[in-house]
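For reference, the structure is listed below as structure tokens.
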Amino acid sequence: MCTHTHANPLTVCDFEDYPIGTEWTMWNTKSSTAKVEADPLNANNKVLHVVLKDWGCHPEFNLSTELTGKALTDRYPTLRYQLYRSPSETDDYKQFAVFLGSEELYRDEGYPHQGDKGVWQTKAYTLKSASADNTSLVLRLGIHHNNSDFYIDNIQLVGEYDDYVEAEDGQVFDYCVNNTSSSYKTINTPLYIPAGVTANVRTSRYSEWISPVAGEGTLNIYAGGERSYIGSQSNKGATYPDWTKMTGDVHVYPYKDVIGSCGFYGLMLQSGTFSPDNYNTTHPNTLFTNSRLTIHSGAVIAAENGTRGFRIGELNLEEGAEIRGYYKNSTANSYYIIGGLNTDNMLAGKISPSNSGNKIGLIKEGKGACIITGNDNNINSGVMVNAGALLVCNDAAAAANGKKSGATGTAGTVMVAEGARLGGNGSIAATTDCYGVIEPGTTDYDTLTFADYATSKDVKLTLHPKSYIKINARSASEYSTVNVKGSVVFSKTTQDFLTSDASPRLKLLLADDASFSINDEITLLTCSTMPEGGMAFDMRYPQRYTFTTEQRKLADGSFALVARVISLDDNPDYIENDDEGESTSTEKTYPEENVTEDMQSNVPLRTYAEKLGKSIGVAAASYRYDISNDNVKETAAVGREFTILVGENEMKFDATEPSRNSFNYGGSDAVMWLASRNAQEVRGHTLAWHSQVPAWVSSDGKKNNNGFTRTELLGILKNHIFNVVGRYKGKIREWDVVNEVLDDDQSQVRTTPGSYKLRPSIWSTYIGEEFIDSAFVWAHQADPEAKLYINDYGVEFMGGTKTEAYFNLVKRLQASNLPIDGCGLQCHLTTGQLDTLKLENNIQRYAPLGLNCIITELDIALANPSAPDALEQQAKEMAAITRVFLRNDNCPTLMFWGISDNHSWRQNQPLLFDSNCNAKPAYYYVHAQLRKAAESVADGIYTTTHKEGEALQQTYNLLGQKAGPGYKGIVIKAGKKFLR
Ligand code: XIL
């Protein structure tokens, strides 16, 4: 192995190469000077002596690095240098500044003390990210003053890549040996590939690549045979290294030179337990999230086993390459989430499970297209087109002649979401569900065919309310069309699982140079079976010409919808702005907030919440900090800011009943005592859960390894609930009676409305669903005053299958007359996931049932902690959630899952306070929402806030009270006054 370690950190200058007396170039100088001199404390060392007489005057240094702009500061975010202040210096308070060219990368806030005089001190500053288009190689830095005398030395740029092995262009890292399954090879060299550099890595059969890769260059992986893992095997933890800072191109080639014959040449990948319907929250593998991955002919990527998701910024699959489940394992289900880089993805290779039990699915995200040209695919778990386009561009004629399965195969379902598009000129054999747009063609006028040539079965195309078919036309002989060899069905279910009478829309778009004569015809759509009630589209005709549509039966028994020109005049009924852009999801941008007032305020959150009659809460954690000592800063903040507490772990089964019928209330009492010292309410969390169950009940929360009968388990649960709830009767406001009872996979709700599926657990598997019913009844009997909740994660946003299943389950519990007061949405989020409108729609649909829907465990991890605006983005999302909480009466409670970032159960700074327990922007943004809401109450009138993206239907009187339908007088609705 030949490696080259970069001479890191990047040394800007140590002055040793310059003769004493060298006059240094200064930026903006009038009479300031800088000269290389001997170190005043060490005659053998050369340093730069700076005498400043001008403001904004700094010595200049030329960087000899190929990195410029953002690439430089991303890689070297810290500037380090040594400063010696001359004893003659008068003013101690000065700024220090750094510029790349003329772009300021650092300036001291205020005028800080610059340290002792007459000694060398090492200083380090975190630089701001430079602009990407800054190409300057001149670094200007130093004290900013008009009367200063100092020396500097050893100027260096340092960064986290200092530990990486930096690849030289063309370098080969050869890790390929002909080894066996009992001698796995480990690749553990952190690799940095600079822009413009190509590194080649040869891997082995039986190898685990566990080290990070970063950089902007090109990585060629020559995969040396099956079981070449990126990460570790399942039996070693199924982990994978951090490659998220690899933003260049990654190529995978088969490497057969060392081992000429084995199952496949490619990469084995892992992820956490993955659920395609909840692909954002169920931990996809992030190796290629920020890179462009190309799999070359002869190479494969696949999951090892289990259901795994791989997020790939851009995926290109060459003809002859494959993605699939692992061929040796019949439970290797691979889901590829592609397109996050907003570019196009070309899938010309084969997409299919290699084993009859395997599954493979595609999830398209990002603005670009995913173009499938293969003709033998079997995407048996389907394609979810969530954003951008899926262009099906297989050779449909060849599929018809050769009885091929085409671009998608027949087994899965293609789902086109609102805002996404399905197009192309090939054939789809899969059942297709469209909530978005079907627009045939690529750049030409083409036919998009729905046909199953492999099995000759009818294909079903379901068009949901307000979906779109868009047909482009230029003349009677040049137009696109949709050809369904099967049935077209109009559905009444929206993507959010609501019922709507709106029809699918069909829009005819004419080219600028379109030309038609009277009676010219365009076949818009053909199918073998029509929707019930005919092809009654909501038609959108163009402005030019006047068309009509006719439904016809063709000679072969199929049906056609034909548009015919009935006048050369413009369409008299043309409406310019139709509802095309309509969507039930919010843009992920949030308003800027002026929080100056909040940053100066010492009014805690709870003061506003109490005034508003709302509960704002936090999880207190006795084992993370001393909750009995109010001088501990975390404990103080918990007491000061919130109206309600929950124990992060203290009231769980394993904490309260560590051995059978022997209860331990140490932690839970400590939480109660903290709350009572601060006059706070308490939520109880939680009674029946599959996690944090003591071993005497179950070794892992799922197995019945202690061999209990159903009756015994019921007795155990009942005894637990009566004891724990009973102990705090009248003192705990509400309980999470059951927690996380739903399975992550609720895809069945698409086909079975009203359904839900329970997660396997010691309770659900060995008692049955009635454990939920019983738990509610027992909790109610133990404390009839306590409010009772169900709680879960992944159920936050309308339209999610698990969200829908949760609603179904809650309705079932209510219909069974159980004492349920509401449901909790955990809201463990990552920045970028929030969809305020879908959250609010979800909360609001519980209101007519008389149920609360509250936020129980909010934290928002930073998706990209090094992004300059990461904390602000987090703050904006916290604020948006707070607004939803404030304006919905059936959402009385908002709880944060922990106080400060260092005491969170999650990485990446998800809370309101930083690791020193200082308020973060998120705190101030939340503060501002509460403050403004409380101030508007003081004026006697609520601000008529409205939903993000939608007018509020609520009506208020002038006192800010809700005005019911019978109210007479002046009312305010959506910010406008009316007299009723
Ligand atoms: C977490 C705690 O925060 C951790 O300290 C503990 O190790 C595991 O549990 N959903 C829940 C909470 O309902 O109880 C979980 O709390 C986080 C996810």
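Any residue in the stretch 705-717 that is within 29 Å of CYS917 (Cα to Cα), of a type in the set (Val, Ile, Thr) and more than 14 Å from the ligand (Cβ to nearest atom)?
So far as the stretch 705-717 goes, no, none of its residues is within 29 Å of CYS917 (Cα to Cα), of a type in the set (Val, Ile, Thr) and more than 14 Å from the ligand (Cβ to nearest atom).
Applying the selection to the stretch 445-484, what residues are in a loop (DSSP other than H, G, I, E, B) and open to solvent by 50 Å² or more (accessible area, probe 1.4 Å)?
TYR445, THR455, SER456, LYS457, ASP458, LYS466, ARG474, SER477, GLU478
Quick check on the stretch 806-828: of everything there that is more than 16 Å from the ligand (Cβ to nearest atom) and polar (S, T, N, Q), which residue is most open to solvent (accessible area, probe 1.4 Å)?
Filtering the stretch 806-828 for residues that are more than 16 Å from the ligand (Cβ to nearest atom) and polar (S, T, N, Q), the one most open to solvent (accessible area, probe 1.4 Å) comes out as ASN817.
For residues that are free of Cβ contacts under 8 Å to residues at least 40 places away in the same chain and part of a loop (DSSP other than H, G, I, E, B), tally how many sit in the stretch 428-444.
Number satisfying all stated conditions: 3.
Would a scan of the stretch 694-702 turn up a residue that is open to solvent by 70 Å² or more (accessible area, probe 1.4 Å), in contact (Cβ under 8 Å) with a residue 24 or more places away in the chain and either within 16 Å of the ligand (Cβ to nearest atom) or over 27 Å from GLY639 (Cβ atoms) (or both)?
Scanning the stretch 694-702 turns up at least one residue that is open to solvent by 70 Å² or more (accessible area, probe 1.4 Å), in contact (Cβ under 8 Å) with a residue 24 or more places away in the chain and either within 16 Å of the ligand (Cβ to nearest atom) or over 27 Å from GLY639 (Cβ atoms) (or both).
Here are some conditions: (1) of a type outside the set (D, E, K, R); (2) within 23 Å of LYS30 (Cα to Cα); (3) modelled with pLDDT of 90 or more; (4) open to solvent by 40 Å² or more (accessible area, probe 1.4 Å). CYS57 meets all but one. Which one does it not meet?
(4)
Suppose we keep only residues that are among the β-branched types (Val, Ile, Thr) and more than 16 Å from the ligand (Cβ to nearest atom) within the stretch 735-792. Which one would you say is farthest from ASN723 (Cα to Cα)?
The extreme case among them is THR751.
Condition (residue is touching a His at 6+ places or on another chain (Cβ under 7 Å) and open to solvent by less than 20 Å² (accessible area, probe 1.4 Å)) applied to the stretch 112-126: is it met by at least one residue?
No, that holds for no residue.
Just name the residue that is surrounded by the fewest Cβ atoms within 10 Å (Cβ to Cβ) out of those in the stretch 621-666 that are basic (Lys, Arg) and more than 16 Å from the ligand (Cβ to nearest atom).
Checking each candidate, the answer is ARG660.
Checking ASN44 against (1) out of contact with any Gly (no Cβ under 9 Å at 6 or more places or on another chain); (2) surrounded by 15 or more Cβ atoms within 10 Å (Cβ to Cβ); (3) not hydrophobic (A, V, I, L, M, F, W, C), only one condition comes out false. Which one?
Of everything listed in (1) out of contact with any Gly (no Cβ under 9 Å at 6 or more places or on another chain); (2) surrounded by 15 or more Cβ atoms within 10 Å (Cβ to Cβ); (3) not hydrophobic (A, V, I, L, M, F, W, C), ASN44 misses just condition (2).
Within the stretch 900-916, count every residue that is under 18 Å from GLU641 (Cα atoms), buried (at least 19 other Cβ atoms within 10 Å of the Cβ), away from the ligand (no atom under 12 Å from the Cβ) and not hydroxyl-bearing (Ser, Thr, Tyr).
Residues that pass the stated criteria total 3.
Within the stretch 47-76, work out how many residues are assigned to a strand (DSSP E or B) and over 14 Å from PHE150 (Cα atoms).
Qualifying residue count for the region: 3.
Does THR711 count as under 37 Å from the mean Cα position of the chain (by Cα) and either over 29 Å from LEU813 (Cα atoms) or without any contact (Cβ under 8 Å) to a residue 40 or more places away in the chain (or both)?
In short, no.
Testing THR180 on (1) in contact with a helix residue (DSSP H, G or I) (Cβ under 7 Å, 6 or more places away or on another chain); (2) loosely packed, with under 14 Cβ neighbours inside 10 Å, one condition comes back false. Which one is that?
(1)
When you check ALA97 against the structure, is it surrounded by 15 or more Cβ atoms within 10 Å (Cβ to Cβ) and in a strand (DSSP E or B), yes or no?
Criteria met by ALA97.
Residue-by-condition table, conditions (1) modelled with pLDDT under 95; (2) open to solvent by 50 Å² or more (accessible area, probe 1.4 Å); (3) hydroxyl-bearing (Ser, Thr, Tyr); (4) more than 22 Å from the chain's Cα centre (by Cα):
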residue: PHE310; (1), (2), (3), (4): no, no, no, no
residue: GLY325; (1), (2), (3), (4): yes, no, no, yes
residue: ASN329; (1), (2), (3), (4): yes, no, no, yes
residue: ALA332; (1), (2), (3), (4): yes, no, no, yes
residue: ILE337; (1), (2), (3), (4): no, no, no, no
residue: ASP344; (1), (2), (3), (4): no, yes, no, no
residue: LEU347; (1), (2), (3), (4): no, no, no, yes
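Where residues in the stretch 722-734 are away from the ligand (no atom under 15 Å from the Cβ) and not in a helix (DSSP H, G or I), which of them is surrounded by the fewest Cβ atoms within 10 Å (Cβ to Cβ)?
Among residues in the stretch 722-734 that are away from the ligand (no atom under 15 Å from the Cβ) and not in a helix (DSSP H, G or I), the one surrounded by the fewest Cβ atoms within 10 Å (Cβ to Cβ) is GLY730.
Please determine, by comparing only the residues of the stretch 858-892 that are under 18 Å from the mean Cα position of the chain (by Cα) and acidic (Asp, Glu), which one is most open to solvent (accessible area, probe 1.4 Å).
So, considering only residues that are under 18 Å from the mean Cα position of the chain (by Cα) and acidic (Asp, Glu), the one most open to solvent (accessible area, probe 1.4 Å) is ASP869.
The values are calculated or read from the model by the stated rules, or taken from the named source; none is laboratory data. Note that the structure is a prediction, hence the values are computed from the model and not measured. Note that we place each Cβ from the backbone using ideal geometry, even for glycine, and neighbour counts take in every protein chain shown. Just the protein is used for accessible areas: all its heavy atoms, side chains included, with ligands, DNA and RNA removed. Shrake-Rupley method; radii C 1.70, N 1.55, O 1.52, S 1.80 Å.
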